[in-house]
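Okay, structure first, notes after.
The values are calculated or read from the model by the stated rules, or taken from the named source; none is laboratory data. What you see is a predicted model; the values in this text were computed from it and never measured. When we count neighbours, we look across all protein chains shown, and the Cβ atoms used for this are built from the backbone with ideal geometry, even at glycine.
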Ligand code: CAA
């Protein structure tokens, strides 16, 4: 495994770091306070080619390798975990399913718009009673003439309030249970019978959009079926398996930011006549945080480089997500601790890291689901 970045990957890291420091950092406070979706920043990301990093040039993407895409999420999430998840969901599960499973017509119709950032993508799998047990989803799609009629609802849809296209999973065969009988559809925002529901007020990731979706006799043309009828659950899992590297990279960004802020504060803050970094209680904490960040980095970039090389990476992606999300939570908790009372105020970024980190252990498969996936690889091979 070669974890040295190529010249192209280093250029990507520099470009994203510059963008994050100059354009994203000054906007974070407002995004936090107003909980407003960062439309302007996404427009700039589109102009920089960041909304379609791993997408082939023939579909309007930047055609860079998967590792470059993961570098971009990692670097952006260090400054704004909100933008990190928007980018990850848009690309990994909002665009890639069309690239991997779409017809040529579907690819031509949607991918150039998604890759340029003109369109924002979302992924609609989760339902009120189908979270970890995604295969038990109840949304139905019945074929009537030239349409599928969708009825049901979805919850916790990231990017949902702003997205233009949704990869929606619905049951086309009532008799088949679990993931079988589920099909995938590309649903456009203005489809008759489709509406955006409640926007969640969340603990963290302020500025990101998380909504419910309603399908009431929603008429989706049969041409919008993605893949074969009944193939939907496989499409969901195939894209989630890889998409989880994106959330792992987002987690890594949060963890690394928490570490950097904790080290800087510990060096500056003096108590008992010396900087708190010189007290072993704090320096050991920093050492453990740094070790977790480094281990998370290795797992994230190992999974990314496997995916970039076209190799199977489901187990490594789940390991990366499991470990990096845990590291994001533990380092941000410790970063608050290092900051003492100040860390509990909104004046210091570590408070935001702490709130942003938790969901990384929940979405795109909880940590418990990652353990199921990893142990299945070990047991079933
Ligand atoms: N590629 C192709 N096919 C795959 C696959 C892959 N990577 N992984 C699994 N499959 C296939 C399997 O071979 C199986 O096919 P057969 O029925 O023909 O054998 C089928 O898909 C079902 O697979 P499993 O039997 O492994 O599925 P399961 O029902 O046991 O469930 C699970 C597995 C891991 C628990 C799954 O339900 C799961 O991942 N749950 C978590 C759901 C989740 O991650 N939700 C996230 C929502 S999106 C989100 O959060 C985005 C956001 O906002 C940030």
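Some notes on this structure:
- Some residue of segment 230-245 being modelled with pLDDT of 95 or more, surrounded by 16 or more Cβ atoms within 10 Å (Cβ to Cβ), in a loop (DSSP other than H, G, I, E, B) and within 11 Å of the ligand (Cβ to nearest atom): yes
- Test: residue in segment 128-136 that is buried (at least 21 other Cβ atoms within 10 Å of the Cβ) and touching a residue at least 12 places away in the same chain (Cβ under 8 Å): no
- Test result for residue 315, in contact with a helix residue (DSSP H, G or I) (Cβ under 9 Å, 6 or more places away or on another chain) and under 28 Å from residue 227 (Cα atoms): yes
- Residue ID - farthest from residue 151 (Cα to Cα), chosen from residues in segment 179-198 that are within 14 Å of the ligand (Cβ to nearest atom) and within 25 Å of the chain's Cα centre (by Cα): 179
- Helices (runs of 4 or more DSSP H) completely within segment 63-112 that count 3 or more residues being within 12 Å of the ligand (Cβ to nearest atom): 81-88, 96-101
- Scanning segment 164-177 for residues that are surrounded by 20 or more Cβ atoms within 10 Å (Cβ to Cβ), closer than 17 Å to residue 369 by Cβ and touching a residue at least 60 places away in the same chain (Cβ under 8 Å) turns up at least one hit.
- Scanning segment 135-176 for residues that are assigned to a strand (DSSP E or B) and touching a strand residue (DSSP E or B) at 6+ places or on another chain (Cβ under 7 Å) yields a total of 22.
- Count of segment 137-153 residues which are within 15 Å of the ligand (Cβ to nearest atom) and free of Cβ contacts under 8 Å to residues at least 60 places away in the same chain: 2
- The set of residues in segment 310-348 that are assigned to a loop (DSSP other than H, G, I, E, B) and surrounded by fewer than 22 Cβ atoms within 10 Å (Cβ to Cβ) comprises 310, 311, 312, 345, 346, 347, 348.
- Per the listing 68, 62, the residue uniquely within 18 Å of the chain's Cα centre (by Cα) and surrounded by 15 or more Cβ atoms within 10 Å (Cβ to Cβ) is 68.
- Scanning segment 168-178 for residues that are over 23 Å from the mean Cα position of the chain (by Cα) and on the phi < 0 side of the Ramachandran plot gives 171, 172, 173, 174, 175, 176, 177.
- Top-ranked residue in segment 349-381 [being within 16 Å of the ligand (Cβ to nearest atom) and not in a helix (DSSP H, G or I); ranked as farthest from residue 268 (Cα to Cα)]: 381
- Of the residues making up segment 269-280, one or more are in a helix (DSSP H, G or I) and buried (at least 17 other Cβ atoms within 10 Å of the Cβ).
- Residue ID - nearest to the ligand (Cβ to nearest atom), chosen from residues in segment 123-134 that are under 17 Å from residue 226 (Cα atoms) and outside any loop (DSSP other than H, G, I, E, B): 123
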